[in-house]
Amino acid sequence: MKFTLRSLSILIAFLSFQTAFAGEGMWLPHLLKALNEGDMQSMGMKMTAEDIYSVNKGSLKDAIVHFGGFCTSEIISDKGLLLTNHHCGYGQIQSHTTLENNYIQDGFWAKTMKDELPNPGLTATFIVRIDDVTDSILKGINEGMDEKKRQSTIDKNLEAYKAAAKLGQYEDIVIRPFFKGNQYFSFVTMTYKDVRLVGTPPESIGKFGADTDNWVWPRHTGDFALFRIYAGKDNLPADYSPDNVPFTPKHFLPISLDGVAKDDFTLVFGFPGRTNEYLPSYAIEQTVDVLNPAKIAIRDKALKIVDAEMRADPQVKIQYASKFARIANYWKKWIGESQGIKATDGVGKKQRFEKEFTSRLTKNQVKGKKKGNAQTKYGDLLQQFETLYKDIEPYALSRDYFNEVVYRNVELLRTANYMTRLVKMYENNGDTGYNNYKGRLEGYLTGFYKDYQPRIDKKVFAALMEMYQGGVPISAVSAPVGALLAQRDIDGYEGIANHIYDNTILTKLDGTMRVLGMSPAEAVEKLKADPAYQFITKLTDAYHENAELQYNEIDEKLSVLQRKYMKAQMDLFPNRTFYPDANSTMRVTYGQVQGYEARDAVMYKPVTYLEGVMQKYVPGDYEFDVNPKLIELYEQKDYGQYADNGKMPVCFIGTNHTTGGNSGSPAIDAYGNLIGLNFDRAWEGTMSDINYDPSICRNIMVDVRYILFIVDKYAGASHLIDEMKLVHPKRK
């Protein structure tokens, strides 16, 4: 039975602090034996911890791949076949798409390995082993140490450890802090650089529901794509070459055809990005009441402008599809996060925890033989948090306005910012520094301008400048906008846009490249005279001088305080099993297939079917159109061996604790077989990054049988099915 703080007596509330909820937590796989194996098996798992993570034999970890450094993927054949999300591979799919070969619209399926498409820059990284290196990294550290000296000591220890590490050929090492810097683990990795596109469904399947259904359950999206890892003939990493061969893995995931049922055990393995589960109530309150509303409003304005343009022009739709999805993703997530925290009383839950924390402080309940004086060590932590979060609020809000407007939603300003970096390279490092950065920049610019429409960006610029001027709480930060508005020849925010966009060289590739073709000194002089360059420089300087420096100073204090608070929680709650926040390192999360009550009288079932696709079908709509071939298969009920009692499963949900970076993670059954592909979270529970609640936090997965059905019956790519190992574990 699961308890929540709201429904417990004082005694049981005390006990509920001792461990994470079932389904909660992102656990390090090499510690499962000590911390989680029994709990996992009590939930139905039939494997051992050694089956999941082993350095002595092939295990599940050897089939899990960090895809491009931003998503997860998994090996599903002995020929290096890689499964991930359609949205994880969207950039690569888009890069191969033209109006003549529209792989976004029509899909792509390589008939042979020779037809598989290379993707320069795309990587696939494996974890070789994980080690606790805390003692080595924190050697010489003590509680009373000055922060600068502490960090300097840690930096030296990190350098020394890496220098002494014994690594194999092509191996690298990454060391990351855990529990806010109270613990350190090393990850030995191996990265493959030749990753080719094998197959993708059309976006009418892979992105069905698009932005309307994003973060929403019930879901009917076949969010998957297939790639393949290639290696040298020695099976080791190699740069792209036609002579490379398919990678042979230590382990690949068999695929279950038995599907899922309510309460089935689910394990999700991957590389979750960032969570902050141990924040104080003041941080959660500020996020919900101040920061999220501002970011949501900015993106809402930008998205409405771009959406109208995409709907009016097919070429714009191709150019802006990936950009729109990227911006819309977190816009909708923040909305759900705020609503979820309010619905589950997330702030109140934190406050009740803090009350218990304070009570234990008063009673001096600290673990260890020498209890020490808890009140002296931790007594004013919460008061300090309250003061610092009040102090940082105007700077944090200014920071979010600046980042959202200048760096994320106005493309011209982002490009102009790259030019300021180019100029700084010249000023600091002369021609050599300039040319090195220019070489990196030219490739980006070629791709950028291919999908850039200045007239659309100009509309976004004008709308967001008005929001920036009216929303930034520190007037000095937005002063450059006001200065332009005050000029006689500029009429309002559209006037600012006309002044900059009509006179800059940075709206077109040929103009930008013409300047970059000059000598460094000439190019720098030309750039400094450009109105977009001048505007971004004034904006950046105003933000830096009046908000960024102040924000960073307070944020550093909060980071130190958060580390101490993390240590205090571990000291004061010695019987609680803590899991570390996500930091893009390999993790395991386990749970069960379960529906949930979204709101009063609305109870969601855990599985969706192809009938739901047809119910949402809107002919000609770019979000809900359905391909005629899929309609035909549905009408004929031609599902092959992938049906479940005559119906075609599409997606299912579970209680697994996931976040960004878990996109593409495998959903694995009790026996170690693939049953689904993680791709999203239910909107009501997106606050799980800072406030996991078992009542509504659900991860969304594509049923692997739907993936196989699309590959086999829809695409006719049965040669890929032949590579896989299909099993029936429930028939044992």
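The values are calculated or read from the model by the stated rules, or taken from the named source; none is laboratory data. Keep in mind that what you see is a predicted model, and the values were worked out from it rather than measured. Neighbour counts are summed over all protein chains in view; Cβ atoms, including those assigned to glycine, are modelled from backbone coordinates with ideal geometry.
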Notebook entry, point to check: Among the residues of the stretch 506-528, is any over 23 Å from Gly439 (Cβ atoms) and at pLDDT 95 or above?
Noted result: no
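So in the stretch 75-117, with the set limited to residues that are of a type in the set (Lys, Arg) and assigned to a loop (DSSP other than H, G, I, E, B), which one is nearest to the chain's Cα centre (by Cα)?
Lys79
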Next item on the list: Identify all residues within the stretch 232-256 that are touching a Phe, Trp or Tyr at 6+ places or on another chain (Cβ under 7 Å) and buried (at least 19 other Cβ atoms within 10 Å of the Cβ); write none if there are none.
Entry: Pro237, Asn244, Pro246, Phe247
Next item on the list: Report, ordered by the first and then the second residue, all pairs with beta carbons closer than 6 Å, sequence separation of six or more or different chains, a first member in the stretch 123-145 that is closer than 30 Å to His251 by Cβ and touching a residue at least 60 places away in the same chain (Cβ under 8 Å), and a second member that is part of a loop (DSSP other than H, G, I, E, B) and of a type in the set (Val, Ile, Thr).
Entry: Arg129/Val55
Checklist line | Unmet criterion (only one of (1) out of contact with any Phe, Trp or Tyr (no Cβ under 8 Å at 6 or more places or on another chain); (2) crowded, with 17+ Cβ neighbours inside 10 Å) for Gln286 | finding: (1)
Check: Has the stretch 463-474 got at least one residue that is more than 19 Å from Leu539 (Cβ to Cβ), surrounded by fewer than 16 Cβ atoms within 10 Å (Cβ to Cβ) and not charged (D, E, K, R)?
Finding: no
Next item on the list: Would you confirm whether any residue within the stretch 237-251 is free of Cβ contacts under 8 Å to residues at least 24 places away in the same chain and in a loop (DSSP other than H, G, I, E, B)?
Entry: yes
Next item on the list: Could you grab me the full set of residues in the stretch 94-116 that are of a type in the set (A, V, I, L, M, F, W, C), modelled with pLDDT of 95 or more and surrounded by 18 or more Cβ atoms within 10 Å (Cβ to Cβ)?
Entry: Phe108, Trp109, Ala110
Next item on the list: Take the residues in the stretch 173-222 that are in a helix (DSSP H, G or I) and assigned by TED's automatic domain parsing to the domain that holds Leu28, then tell me which one is farthest from Ile75 (Cα to Cα).
Entry: Thr212
Note to self: Quick check on the stretch 624-639. Is at least one of its residues without any contact (Cβ under 8 Å) to a residue 24 or more places away in the chain, of a type in the set (Lys, Arg) and out of contact with any Cys (no Cβ under 9 Å at 6 or more places or on another chain)?
What the structure shows: yes
Note to self: Among the listed residues Met425, Met419, identify the single one that is in contact with an Asp or Glu (Cβ under 9 Å, 6 or more places away or on another chain) and either assigned by TED's automatic domain parsing to the domain that holds Gly517 or part of a helix (DSSP H, G or I) (or both).
What the structure shows: Met419
Item checked: Residues (of a type outside the set (Asp, Glu) and assigned to a strand (DSSP E or B)) located in the stretch 127-143 -> Ile127, Val128, Arg129, Ile130
Next item on the list: Run Pro574 past the list (1) at pLDDT 95 or above; (2) surrounded by fewer than 17 Cβ atoms within 10 Å (Cβ to Cβ); (3) not basic (Lys, Arg) and report the number of the one that doesn't hold.
Entry: (1)
Check: Would a scan of the stretch 362-375 turn up a residue that is of a type in the set (S, T, N, Q), in contact with a helix residue (DSSP H, G or I) (Cβ under 9 Å, 6 or more places away or on another chain) and not in a helix (DSSP H, G or I)?
Finding: yes
Next item on the list: Could you list, in sequence order, all residues of the stretch 415-469 that are within 26 Å of Met310 (Cα to Cα), without any contact (Cβ under 8 Å) to a residue 60 or more places away in the chain and charged (D, E, K, R)?
Entry: Arg455, Asp457, Lys458, Glu466
